[in-house]
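The values are calculated or read from the model by the stated rules, or taken from the named source; none is laboratory data. The model shown is predicted, which means the values in this text are computed figures rather than measured ones. We place every Cβ from the backbone using ideal geometry, glycine too, and count neighbours over all the protein chains shown. Areas reflect the complete protein model, heavy atoms only, side chains present, ligands, DNA and RNA absent. Shrake-Rupley method; radii C 1.70, N 1.55, O 1.52, S 1.80 Å.
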Amino acid sequence: MSVDASELIDYMLAMVLRAPHLYALTIGYWCLVVAVIATRYWGKRRRMSEGLMCAVVALGVVAVILAFVDVAIRGPELIQLSLVAYFATPIGVGRYLMRLWDGDPMLGWRGIAVRELTYVSAFIAFVGLSAVAGDPWWFERPVVDRSDPIAMIERTNWLHLMGTVFGIVAIIEAVSGGFGVVRQRLASRV
């Protein structure tokens, strides 16, 4: 699996030029995430950071809507994976981590439910995107083309792969987290 580095760089630049607005959205998203962390933990301006967190979620909603529009118009592309993450991460795992860093962690079933929100939302989004792309996700092993990096990007069905990954993670989280909560409750009764 080898490819000339300049060929790969040219391909990546072509990806950006095909959808510059989506990559600009990526820059905006990460700038907002950095602003939330900077204002909350370095600037100690919690109220301002909460307003910025709402902006992160709003941008995530816009991103997932744009992902569906983009798939409908151009077909599956790698950037759409990021757009789903911008939607799913802040509403679940992002909230969980912020509470943990604030010293007020979500414990037990609540913590599991918040993390599951990310995994299940991402799974639903990828299944929906695959349907819009005309190749609906189904319970089968995704095929990854490993012949070279460009073929991997172009010919792997990323929507199916990510749907499968998030579906499996949601199941693992529910089972392992549930067992952990039950074990803790049983131990506290002894």
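Side notes on the structure shown:
- Selection count where residues are more than 20 Å from Met15 (Cα to Cα) and under 10 Å from the mean Cα position of the chain (by Cα), scope the stretch 61-90: 4
- Residue among Ala14, Ala72 that alone is within 15 Å of Leu129 (Cβ to Cβ) and in a helix (DSSP H, G or I): Ala72
- Segments classed as helices (runs of 4 or more DSSP H), wholly inside the stretch 90-156, with at least 3 members that are modelled with pLDDT of 95 or more and open to solvent by 60 Å² or more (accessible area, probe 1.4 Å): 108-132
- Within the stretch 131-157, tally of residues that are without any contact (Cβ under 8 Å) to a residue 40 or more places away in the chain and either hydroxyl-bearing (Ser, Thr, Tyr) or within 15 Å of Leu83 (Cα to Cα) (or both): 1
- Taking the criterion of being among the aliphatic types (A, V, I, L, M) and open to solvent by less than 50 Å² (accessible area, probe 1.4 Å), the only residue of the stretch 175-190 that qualifies is Val181.
- Any hit, the stretch 64-76, residues being over 27 Å from Ala174 (Cα atoms), touching a Lys or Arg at 6+ places or on another chain (Cβ under 9 Å) and open to solvent by 40 Å² or more (accessible area, probe 1.4 Å): yes
- Residue-level analysis places Gly163 outside the set of residues that are over 30 Å from Phe179 (Cα atoms) and either at pLDDT 85 or above or over 17 Å from the mean Cα position of the chain (by Cα) (or both).
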